[in-house]
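The values are calculated or read from the model by the stated rules, or taken from the named source; none is laboratory data. Given the structure is predicted, the values throughout are model-derived calculations rather than measurements. Virtual Cβ from ideal backbone geometry, glycine too; neighbours counted across all protein chains shown. These area figures cover heavy atoms from the full protein model, side chains too; ligands, DNA and RNA do not enter into them. Shrake-Rupley method; radii C 1.70, N 1.55, O 1.52, S 1.80 Å.
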Amino acid sequence: MSFSPTAALPGSIKRWRLAIFLFSGVVGVSMASWIVRIPAVRDTINVSIAEMGLVLFGLSVGSMAGILGSAALVRARGGRQTIALGGVLAMAGMFTLALGVGSAQAVVVALGLALIGGGTGVAEIALNIEGAELERLTGRSVLPALHGSYSGGTVVGSLLGILLTWLQFPVAWHLAVVGIAGVGVMAWIVSVIPSGTGRESGAAREAGAARESRLAIWRDRRVIALGLIVLALALAEGSANDWLPLLMVDEHHVSELAGTVVYTLFAVAMTIGRFSGAALLNRFGAATVLRGSALVSAAGIALVIFSPNALIAGAAVLLWGLGAALGFPVTISAAGQSRNAVAAVAAVATAGYLAFLAGPPILGFIGEHVGLRGAMVVVLVLVAAVALLAGAARSPREDPAGEHPAG
């Protein structure tokens, strides 16, 4: 069954769409609640920049483990059960994180981040498949707004963090309360999402495993280029999530509250970029949008790195966030147009999570020696390189010769 793009949608479809948007929003609130309190957590657990990179590595390891298993779970159990598992892991991670902060144990904090990463990673492919199915049924754009819901959640979480930081509310209680609220919302979400999306029979899964192995899909040059694009732009997003408040506090010498405000500006820019994405894509196409996004983000990162003025650097995160906003959803959507869509989406999303996996420790170790601003030069170079690869985001239908150029 499908619906006209101009027709009124049934209530079940509207609730389904709202449910996956809410899931992304809850994850965004949870992540921002952690991010805005990173400077306080760093001081509580008393670690160096390099050691903080290893703590953040827990989030990356969990994310990669989740994303690697997500496609197989969707094929075996369907999107609904996969999203439910992701929600359970993510909320368990919030409570573990609160425990780690309350006890000042870096290892427990890393474990909490691993559970959050595992939960969001497990749910990632399932959410995108649910969104793609909604796009197919309704004929309306869903994925940019789906990722925009995550960014909107980070804005809400950041504003809450600003208030609680100003009130000097204990970090551990802050994280625990967010976890309690998240559990209630997740329960409703799982009850609304229809079962079976993406699930395959046993024979189909065996055939798919042979035909769509992760190694086989990487023989497609277009998928390789899309993977490189999402790796760079995910690193731009992830490095801000991991390090932006600390960068502003340690290197631009602003207060913890001001560092939280700067991150909130980044989150607002990401949200605006994602919710305006559909109009930009309809007018200019995916390749042009990605190329422009990379250049805008690179300009913002450069200003944060090289500006001697904290006010200019803080304002520049608006460019950083606007440019990074569409990297993940547009590249994932482009991968979904491949012949083996599930395998391509899983492969490209894995490349994005590789940035989240490698980014924190690498940037942390570099930052320990040359400062976080110096470490961000790596991000700047990779993001600028996306302008050369953006042509891979063109739909295969736009390439009559059947080639998928990378530039």
Query raised in the report: Put Phe95, Phe21, Phe306, Phe328 in order of accessible area, largest first, 1.4 Å probe: what do you get?
Result: Phe306, Phe95, Phe21, Phe328
Report task. Compute the separation of the alpha-carbon centres of segment 235-258 and segment 74-90 and state it in Å as a whole number. Result -> 32
Report summary line: Under 16 Å by backbone N from the virtual spin label 7 Å along Cα-to-Cβ at Arg15, the residues of segment 151-189 are 185-189
Query raised in the report: Can you give the calculated 222 nm mean residue ellipticity of the chain, where each DSSP H run of n ≥ 4 adds -39,500 (n - 2.57) and the sum is split over every residue, rounded to the nearest 500 deg cm²/dmol?
Result: -28500 deg cm²/dmol
Query raised in the report: For the chain, which DSSP H helices look membrane-span-like by this rule: Cα extent along the axis of 24 Å or more and mean Kyte-Doolittle of at least -1.0?
Result: 11-35, 49-77, 79-103, 106-138, 143-166, 171-192, 221-251, 256-275, 286-306, 341-389
Query raised in the report: For the chain, which whole-number percentage of the solvent-accessible area (1.4 Å probe, protein heavy atoms only) is attributable to carbon and sulfur atoms?
Result: 67
Report task. Using the heavy atoms of the protein chains and a 1.4 angstrom probe, tell me the accessible area per residue for the chain in square angstrom. Result -> 39
Report summary line: Expected unfolding gain across Phe169-Val107 under the 0.36 nm per residue rule, minus the alpha-carbon gap, is 20.0 nm
Requested in this report: Mind grabbing the accessible area of Arg77 for me, 1.4 Å probe, Å², rounded to tens?
Outcome: 140
Query raised in the report: Rounded to the nearest 10 Å², what accessible area does His253 show when all protein chains are kept and the probe is 1.4 Å?
Result: 150
